[in-house]
Amino acid sequence: MSEEINRLKMKPGNYILAHGGASFAQSLAKSGLIDEYRLLIHPVVLDRGLPLFSTFDKPVNLKLINSASFRSGALANVYMPV
């Protein structure tokens, strides 16, 4: 998977947007393939779930690029790895 994504990233064109669950995002992040994180934060507390960043061996510093709030209380934050 890593080789194919790196090949696509080298081609000219638009962004590659990957939708998926936490396991998919973890595999991309662990491989260093994420250039930008777009996180949607909803004001709901769940009693269980799979943490998105639980597989990192060390902290990853992120820089906030953009943030938007919605009437529902949801936030859309865009981060880039430092």
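The values are calculated or read from the model by the stated rules, or taken from the named source; none is laboratory data. Only a predicted model underlies this, so the values are computations on that prediction, with no experimental measurement involved. Because the Cβ atoms are built from the backbone with ideal geometry, glycine has one as well, and the counts that use them run over all protein chains shown.
Does any residue of the range 11-22 turn out to be touching a strand residue (DSSP E or B) at 6+ places or on another chain (Cβ under 9 Å), without any contact (Cβ under 8 Å) to a residue 40 or more places away in the chain and loosely packed, with under 12 Cβ neighbours inside 10 Å? Yes, the range 11-22 has at least one match.
Yes/no matrix, rows are residues, columns are (1) over 14 Å from the mean Cα position of the chain (by Cα); (2) modelled with pLDDT of 85 or more:
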| residue | (1), (2) |
| --- | --- |
| K11 | yes, yes |
| A18 | no, no |
| Y37 | no, yes |
| I41 | no, yes |
| V44 | yes, yes |
| P51 | no, no |
| A68 | yes, yes |
| A76 | no, yes |
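The single condition among (1) of a type outside the set (S, T, N, Q); (2) surrounded by 12 or more Cβ atoms within 10 Å (Cβ to Cβ); (3) more than 12 Å from the chain's Cα centre (by Cα) that M80 does not satisfy is (3). On the basis of being under 15 Å from the mean Cα position of the chain (by Cα), without any contact (Cβ under 8 Å) to a residue 60 or more places away in the chain, surrounded by 12 or more Cβ atoms within 10 Å (Cβ to Cβ) and part of a loop (DSSP other than H, G, I, E, B), does L33 make the cut? Criteria met by L33.
Residue pairs whose Cβ atoms lie under 6 Å apart, sitting 6 or more positions apart in sequence or on different chains, and linking a residue in the range 67-78 that is over 9 Å from P43 (Cβ atoms) to a partner that is surrounded by 11 or more Cβ atoms within 10 Å (Cβ to Cβ) and among the hydrophobic types (A, V, I, L, M, F, W, C), are A68/A76; S69/L75; N77/L39; V78/I65.
Residues are listed down the side, and each one gets a yes or a no for (1) farther than 24 Å from I16 by Cα; (2) of a type in the set (D, E, K, R); (3) part of a loop (DSSP other than H, G, I, E, B):
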{"residue": "L28", "(1), (2), (3)": "no, no, no"}
{"residue": "L40", "(1), (2), (3)": "no, no, no"}
{"residue": "P43", "(1), (2), (3)": "yes, no, yes"}
{"residue": "R48", "(1), (2), (3)": "yes, yes, yes"}
{"residue": "Y79", "(1), (2), (3)": "no, no, no"}
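Residues in the range 21-79 that are touching a Ser or Thr at 6+ places or on another chain (Cβ under 9 Å) and more than 26 Å from E4 (Cβ to Cβ): H42, P43, L75, A76, N77. Take the conditions (1) within 15 Å of the chain's Cα centre (by Cα); (2) touching a residue at least 24 places away in the same chain (Cβ under 8 Å); L64 misses just one of them, which is (2).
Picking from residues in the range 36-49 that are of a type outside the set (D, E, K, R) and surrounded by 11 or more Cβ atoms within 10 Å (Cβ to Cβ), the one that is farthest from V82 (Cα to Cα) is H42.
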